[in-house]
Amino acid sequence: MKIHNLIDDLQLELTKGGNISKRAAKKYIINLLVDSNSDLSNLLQSLEETKFSKKCSICNKLDFVDPCSYCSTNSKSKTVSVFNSYSDLLEIGTKTLDGMESNFVIGDGNKSKKQDVDNLQFKMLEDFVSKQGANEIILMFDKNIKSEIISEYIRSYFSSTKLKVSSLAVGISLGSSVEFLDQQTMNVALKNREDN
Ligand SMILES: [Zn+2]
């Protein structure tokens, strides 16, 4: 094998999920090649272990067991946090208002077409919520059109139930100056104003 073919193959593998840019992948590979003394055993072992990961059939979280370690207990929670992707869940944190890890992952974060939205697992979410005995779900979504569409589908799915569906507040982020706000953010912040 020629070295550039090796680089191409590795680059293809690393960029398969679409989350790593081709450039970043190439840089990483070349760093590995340049530093040929680097010990890859930990990396290889970790990659090997990804084979054993499973998606929980109850909440879609990743774990090494199915049901996941949370779902295999009888934990109850008044609120369920819903995430657009497992990586969002990891970034934002895993505790709900009850201080429990009552989290559900809906979709894979790349849902944009109607048929994809239809394929979201509303029934699974409904079952998860009732198993938890929850009375509220909190949509921990990004603020963009795609997420708004999914939120609307979820709201309409649960509209005939007593379940409260809430989402993260929109407005001014902490530490930001009002003088730099765009009009749209200002309008939403005004609409969501708080009593002091
Ligand atoms: Zn689970």
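Read-outs throughout are calculated quantities, based only on the coordinates presented, and are distinct from any laboratory measurement. Source: prediction; values computed, not measured. All Cβ positions, even for glycine, are placed from backbone atoms using ideal geometry, and neighbour counts span all protein chains on display.
In sequence order, segment 160-169 has phi-based couplings of 8, 9, 8, 5, 8, 10, 10, 9, 4, 5 Hz under the Karplus curve 6.51 cos²θ - 1.76 cosθ + 1.60, θ = phi - 60°, and Gly or Pro positions carry x. Legend: calculated FRET efficiency, residue 169 to residue 135, from the Cβ-Cβ distance at R0 = 22 Å, rounded to 0.05, equals 0.65. Only Cα pairs under 8 Å and 6+ residues apart enter the sum, and on that basis the relative contact order of the chain stands at 14 percent.
Would segment 1-73 count as rounded, prolate or oblate if I go by the C-alpha gyration tensor, calling it rounded below 1.5 in a/c and otherwise prolate when a/b exceeds b/c, oblate otherwise? The shape class here is prolate.
In a simple Cβ point-charge model (Lys, Arg +1; Asp, Glu -1; nothing else charged), the chain has a dipole of about 420 debye relative to its Cα centre. If I take R0 = 30 Å and measure r between the Cβ atoms of residue 26 and residue 176 in this structure, what FRET efficiency does the formula 1/(1 + (r/R0)^6) give, to the nearest 0.05? It comes to 0.25. Only aspartates and glutamates eight or more places from residue 131 in sequence, or on another chain, were considered; those with a Cα closer than 15 Å are 101. Remark on residue 80: its backbone amide H falls under 5 Å from those of 136, 137, 138, a criterion applied only to residues 5 or more positions apart or on other chains, H modelled at 1.01 Å from N. Taking the average, over residues, of other Cβ atoms within 10 Å as the packing measure, peptides 8-19, 42-53, 144-155 rank 144-155, 8-19, 42-53 from highest down.
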